[in-house]
Amino acid sequence: MIIQSQSQNNSTHHLLSGYTAGLPSMDEMWGEQGHLRAHWQALIDKMQALGGEELGQRQQEVLRLLRENGVTYSVYDDPQGLNRPWKLDPVPMLIAKADWQITEAGLKQRAELLNLILADIYGERQLIKDGLLPLELVYNHSGFLRACDQVRLPGKYQLFLYAADLARGPDGRMWVISDRTQAPSGTGYALENRSAMARVFPDLFQNIPVRKLAHFFQALRNGLMALSAKQPDGSRKENPRIVVLTPGPHNETYFEHAYLASYLGYALVQGDDLMVRNGYVWLKTLGGLETVDIIIRRVDDEFCDPLELRKDSQLGVAGLLEVMRRGNVLVVNPLGSGVLENPALMAFLPSISRHLLNEELILPSVATWWCGQPKEQQYVLENLENLIIKTLDRQHKSTLVGQWLDKKQLADLRFAIQTRPHLYIGQEHVSFSTAPSLINGHLEPMNTVLRTFLVAQNDHYAVMPGGLTRSSSEKGNFLLVSNQKGGISKDTWIIGAEPENPVSSLHKPANYARASPSNANPSGVLPSRTAENLFWVGRYTERALSTARLLRTVLRNLNESNGVAQEPDIVCQQALLKALTHLTRTYPGFVDKGSQSRLQQPLTELLSIILDPVRPGSLSFTLKSLFRSVYAVRDRWSMDSWRVIDALEKEWQTLDSKQQADHPEATLRHVQNALDHLITTLVAFMGLNMETLSREQGWLLLDAGRRIELSLSLISMVRSTLVILQEAPAEYALQEAILTSNESLITYRFQYRTYLELQTVLDLLLMDTAHPRSLAYQLVQLQTHLSAFPRNLDKQRLSQEEKLLMEALTKLRLAEVSQLVKIADKATIREELDSLLAAMSRLLFKTSEVITLTFFNHAQGQQQLTLVTPYPEL
């Protein structure tokens, strides 16, 4: 029999239909007395008013919003796992105020305790000397890094950021099931979940006092500012340069790295963006090297310094540890903090808490037995079928559920434990609580785990009021709560009014210094990698646009003349097809070996140029390159820009699937429609960023890349069509096609009010500095951009790239169009025009190369030569 609340009507009956059937002993929403818990009642009443169908529609809207905002989570070893859309259950996890107060106090106590343990492990190691912490447990864990001995952050707290995974046990209390102390992930996802819920379900927040998350991020900023003020010599560091160190776009939580960097206003960097010189860490920027004061690392500690830690790492900064020893850079969390993630440590926390804090733990840990102790080993071996077995070493993580193993697997596991007992632990198999999830229009109980976050302040830890809840993707299987296993996230609501003195975005920390022109936005410098990717975003966007526009012209020309083509039409078609090959550089294509047959039957080659994702130069290949560059600097884009990119990526994936299913002619119809939308979308993307990016270094690089690519594309099209002598009808058609492909036909008609003539066409496309699609206009804009680039030379002197561009612009301005159109006797090409365009192309390629060498590779990579600093004696 289903027990229901008195306030439930038919809609609620449907929403909760069957919910209590087979409930475990503990559920977050359903009380033991057979009714909804008080703090859930208002939410369920509001969901009742919406109804199951409306909730389902809003659930899809949540997923669409997250996808459009670019919220992703990559799954390793999954071909479909890269940039997988984030999943959010629309039913939040609710925690009552009184319950949260106990949990919050327990989290603060645990953070304080772990901070003391971390300081001791890399300090006096008194806990080991006193027998409270077995040395085998510490030294056999790969998270313990000997090279980090005596490396400290200034002040009281070594554990600056901390996260705990919590689940409610059968006794109704929150239990800690794991500690996250290296580079805890999830804060950005928690904030994005709240934003999505507030956007799609504003009615659910009405009259329900939900604690805000934004205060936690201000506490993080204030904590970093306070940390930077604690210099070893007592000096104060105002407006420190803070960076977020990420492994890169292929990391599972790269979205969060970029999101937090953008939200907090810090530079997002990879290991190659940083270098060590003269005892400091330097950021390679567009204008040179800039010192770094604080690194928020999202790279596992052993990968952070290939010189002293893992020598095969490509993610870290050689020499980082030595700079940390000198106190010239602060890294949070400090390297070596992963030792606290050792699951065996849980078995010893109660006694250590009594010893260091003279307190019992407020939040219990899951009962844990370390097999390195004879009595505990014997207990684990005798109860394997009823325990969960984990390995000590995080590099060989595995979780085995004893009751799921057969006799042979149990025997093998027993032998492994007996052989190397210190590497294994046993944990109690506890049935954790469930919470409601929306599935097929009604609520079902699913196992949940809550990850909470803390950040150190001057004298205490600040706790995020909520966190990232994850629910199982399969009913009754608590192991599938992990995002890597398909778990689904939930927003977490702490029910109750805000505390009287929350950390406010309006509150200025004690060491606040008003920004001045000399110290404003020190974190806003442009890292070289970011600059390079912005430059290539501009180039790839314009390359895709030029290719799509010429393809659209070619397809339109083929359609119009199909079956009734005259000789001039055929000449024009073949010239445009050859121009397409030259523009995309998809040789042999329509110009080299075998081209005649392809010119006669161009459909297969055209579809390859459009859709082949592994063919360099194809439109699909160019778009993949664009998406890769866009993702690499995702912290630079607005939400609207992400929506544009998401729509474009999804449409192109759909087009590719249609190609596999349909006949080529049908695919071509889809392609023609897709090209129109692609052009519109790319123009919208560039327009958005031209309007939203600050007119500083990033915008200059983006637009410079765009101008260079537009110039090269225009030169390629003109050179492969209008340079070659054709009969008048064919030449007229080619002029119209090239004007159309460069969005210049309407301008020509309004400006010249005459029939197409080659001299006026070239004047518009090449010489007209007032026409925004002309070559001269691009060169003038490039010249302006280059003059604003940072440089070390005397500003009165021209840089190499400025000289190249000036040479190109001078050649163009000195040219006479009347001479360019002339053809020598018996010649088949306009040699002077061809010579000018070849020189323009060569100078622009050289300019791009010099920009790359000057601004994107100004510091050499680092190599490990020898270990100059020995490990301290332990």
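Based on the inverse mean of 1/r over its pairs of different Cα atoms, what is the Kirkwood hydrodynamic radius of the range 130-238, in Å?
Here the Kirkwood hydrodynamic radius works out to 18.3 Å.
Return the carbon/sulfur percentage of the accessible area of the chain, one whole number, probe 1.4 Å, all protein chains in place.
Ligands and nucleic acids excluded, carbon and sulfur reach 50 percent.
Relative to the longest principal axis of the C-alpha atoms of the chain, give the angle of the C-alpha long axis of helix 214-228, reported between 0 and 90° and rounded to the nearest 10°.
With rounding to tens, the tilt is 90 degrees.
What residues qualify as long-range amide H neighbours of residue 286, i.e. H under 5 Å apart, gap of 5 or more or another chain, H built at 1.01 Å from N?
Excluding prolines and chain starts, which carry no amide H, the hits are 526, 528.
Under a 1.4 Å probe, what is the accessible area of the range 606-655 per residue, stated in Å²?
So the range 606-655 comes to 33 Å² accessible per residue, rounded to a whole number.
Given contacts defined as C-alpha pairs under 8 Å and at least six residues apart, what's the relative contact order of the chain, whole-number percent?
So the answer I get is 15 percent.
If the viscosity is 1.567 mPa s and the temperature 4 °C, what Stokes-Einstein diffusion coefficient in µm²/s follows for the range 600-748 when Rh is the Kirkwood radius over Cα pairs?
74
Aspartates and glutamates within cross-link reach of residue 129: Cα-Cα under 12 Å, excluding same-chain residues under 8 positions apart?
Partners found: 120.
What do you reckon, how do 605, 322 stack up by accessible area (1.4 Å probe), largest on top?
So, going from the largest accessible area down, we get 322, 605.
What whole-number value in Å² describes the accessible area per residue of the range 256-394 for a 1.4 Å probe?
On a per-residue basis, the range 256-394 sits at 34 Å².
Compute the angle between helix 407-419 and the longest alpha-carbon principal axis of the chain, please, reported from 0 to 90 degrees and rounded to the nearest 10.
Long axis of 407-419 versus the principal axis of the chain: about 80 degrees.
On average over all directions, what projected area in square nanometres does the range 110-177 have, based on the convex hull of its Cα atoms?
6.0
Using only Cα atoms and rounding to the nearest 10 degrees, what angle (0 to 90) does helix 567-584 make with the longest principal axis of the chain?
Taking the Cα atoms of the chain, the angle to 567-584 is about 40 degrees.
Just need the relative contact order of the range 193-284 here, percent rounded to a whole number, with Cα pairs under 8 Å and 6+ apart.
17
So what's the back-of-envelope 222 nm ellipticity for the chain, counting only DSSP H runs of four-plus at -39500 (n - 2.57) apiece and dividing by all residues, rounded to 500?
Computed mean residue ellipticity for the chain: -14500 deg cm²/dmol.
Which log10 I(q)/I(0) values, to two decimals, does the chain give at q = 0.05, 0.07, 0.08, 0.11 Å⁻¹ under the Debye formula with one point per Cα?
Summing over Cα pairs of the chain leads to -0.37, -0.68, -0.85, -1.28.
Give me the percent relative contact order of the range 714-803, please, defined on Cα pairs under 8 angstrom at least 6 residues apart.
Once normalised by length, the contact order is 17 percent.
Using a 7 Å offset from the Cα along the Cα-to-Cβ direction at both residue 556 and residue 23, what is the distance between the two label points in nm, to one decimal?
With each label point 7 Å from Cα toward Cβ, the separation is 6.5 nm.
Using the alpha carbons of the range 350-425, what is the convex hull volume per residue in cubic angstrom, as a whole number?
109
What pairs in 624/650; 624/803; 284/803; 108/156 have C-alpha atoms more than 23 Å from each other?
Exceeds cut-off: 624/803; 284/803.
Can you give the local net charge around residue 766? Use residues other than it whose beta-carbon is closer than 12 angstrom to its beta-carbon, Lys and Arg +1, Asp and Glu -1.
Net charge around residue 766: +1.
Where the Cα atoms of the range 163-314 are projected onto their three principal axes, how long is each span, largest first, in whole Å?
Taking max minus min along each principal axis of the Cα atoms, the range 163-314 gives 57, 35, 32 Å.
The values are calculated or read from the model by the stated rules, or taken from the named source; none is laboratory data. These numbers were taken from a predicted model, which means no experiment stands behind them. Don't worry about glycine lacking a Cβ; one is built from the backbone with ideal geometry, like all the others, and counts go over all protein chains shown. The area values use the complete protein model at the heavy-atom level, side chains included, leaving out ligands, DNA and RNA. Shrake-Rupley method; radii C 1.70, N 1.55, O 1.52, S 1.80 Å.
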